[in-house]
Amino acid sequence: MLTRAITGFFFIAVLIGAHLLGQVVFVSFFSLLGLWCLYEFYGIVRKEEVKPMIFLGILAFAVLSGLIALHCLGVIPFIKVWLFIPFFSLMFILALFQKRALPFNDIGYTLLGITYAGIPFLFFLALGFIKGNFNYYIPLGFLLILWSNDTGAYLAGRSFGKRKLFERISPNKTWEGFIGGVLFAVAIAFNLEQYFGSLTKWEWASMALIIGVFGTLGDLVESMLKRSLGVKDSGHILPGHGGLLDRFDGLLMAAPLVFLFLLMIA
């Protein structure tokens, strides 16, 4: 527990610092997080019958995230983001030369990794620019709400948890914990308007509902992935916590939906 607490403290400090140190650090840091989560995904799904094209998949996502970052920073127009497409075409062409028994398994998992573990981080970093100029309050508020949901779910589950949420996937999660997490996240969100501004009180609360519901589902989806593969953690980069994919599983589902919500109400 001490190792877990120390790791968690420094990790949160680094995440907050990545927001406060300016837009270049922000987009660079979260692009790298996406790359590392993609690397972890490829590591846990790699089997004899499934061998994702790790180098090409990471290269394709690196190009995509780099182009998105340059667009967010105002260096290139959005139309140039489509320059990443040839890297995806290369995956199908490369499979012709690998002489694998099930080449589309390799291609499928390579593309799935980019879609599942990488692209959500691009939606997250886009939250910092959804108002036009860089505004770290929205993505930082997203993380505070996500952490509040996890904390509320843990406390409510420990205190009142009786009815299992998805016992076959995650035996410790309960409906009481789920509801407690969402309510605590909304309560925190109501106060963010006072300190962060950027959104109205009800927009923050709506954002919290999305994060609370889909962040929890994202956690369950990643648990389903690990359970189906027979692995406990996605990696070991964070002592006491596992891998980065384990820590950002809620973001993977929630970030694209929050971005879509804010885009619709803009």
Qualifying positions in region 23-40 - open to solvent by 20 Å² or more (accessible area, probe 1.4 Å) and either in contact (Cβ under 8 Å) with a residue 24 or more places away in the chain or touching a Leu at 6+ places or on another chain (Cβ under 6 Å) (or both): Gln23, Val24, Ser28, Leu35, Trp36
Residue within region 101-116 that is at pLDDT below 90 and either under 30 Å from Lys51 (Cβ atoms) or touching a His at 6+ places or on another chain (Cβ under 6 Å) (or both) present: yes
Those helices (runs of 4 or more DSSP H) lying entirely in region 145-259 with at least 2 residues hydrophobic (A, V, I, L, M, F, W, C) and open to solvent by 30 Å² or more (accessible area, probe 1.4 Å): 175-196, 201-229
Selection status of Phe124, open to solvent by 10 Å² or more (accessible area, probe 1.4 Å) and at pLDDT 90 or above: no
Index of the failed condition, Ala13 passing every other in (1) part of a helix (DSSP H, G or I); (2) at pLDDT 90 or above; (3) in contact with a helix residue (DSSP H, G or I) (Cβ under 8 Å, 6 or more places away or on another chain): (3)
Residue check for Gly218: at positive phi and within 16 Å of the chain's Cα centre (by Cα): no
Filtered residues of region 160-171 (kept if among the small types (Gly, Ala, Ser) and either out of contact with any helix residue (DSSP H, G or I) (no Cβ under 8 Å at 6 or more places or on another chain) or under 22 Å from Leu225 (Cα atoms) (or both)): Ser170
Output for region 41-73, where each listed residue is under 25 Å from Ala95 (Cα atoms), in contact with a helix residue (DSSP H, G or I) (Cβ under 6 Å, 6 or more places away or on another chain), open to solvent by 10 Å² or more (accessible area, probe 1.4 Å) and of a type outside the set (A, V, I, L, M, F, W, C): Lys51
Residues that are open to solvent by less than 60 Å² (accessible area, probe 1.4 Å) and in contact with a helix residue (DSSP H, G or I) (Cβ under 7 Å, 6 or more places away or on another chain), drawn from region 127-144: Leu127, Gly128, Phe129, Ile130, Phe134, Ile138, Pro139, Leu140, Gly141, Phe142, Leu143, Leu144
Matching option when the condition is surrounded by fewer than 17 Cβ atoms within 10 Å (Cβ to Cβ), touching a helix residue (DSSP H, G or I) at 6+ places or on another chain (Cβ under 6 Å), without any contact (Cβ under 8 Å) to a residue 60 or more places away in the chain and not polar (S, T, N, Q), among Ile107, Ile76, Ile93: Ile76
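The values are calculated or read from the model by the stated rules, or taken from the named source; none is laboratory data. Quick caveat: nothing in here was measured; it's all calculated off a predicted structure. Here the Cβ is made from the backbone with ideal geometry for all residues, glycine too, and neighbour counts use every protein chain on show. Just the protein is used for accessible areas: all its heavy atoms, side chains included, with ligands, DNA and RNA removed. Shrake-Rupley method; radii C 1.70, N 1.55, O 1.52, S 1.80 Å.
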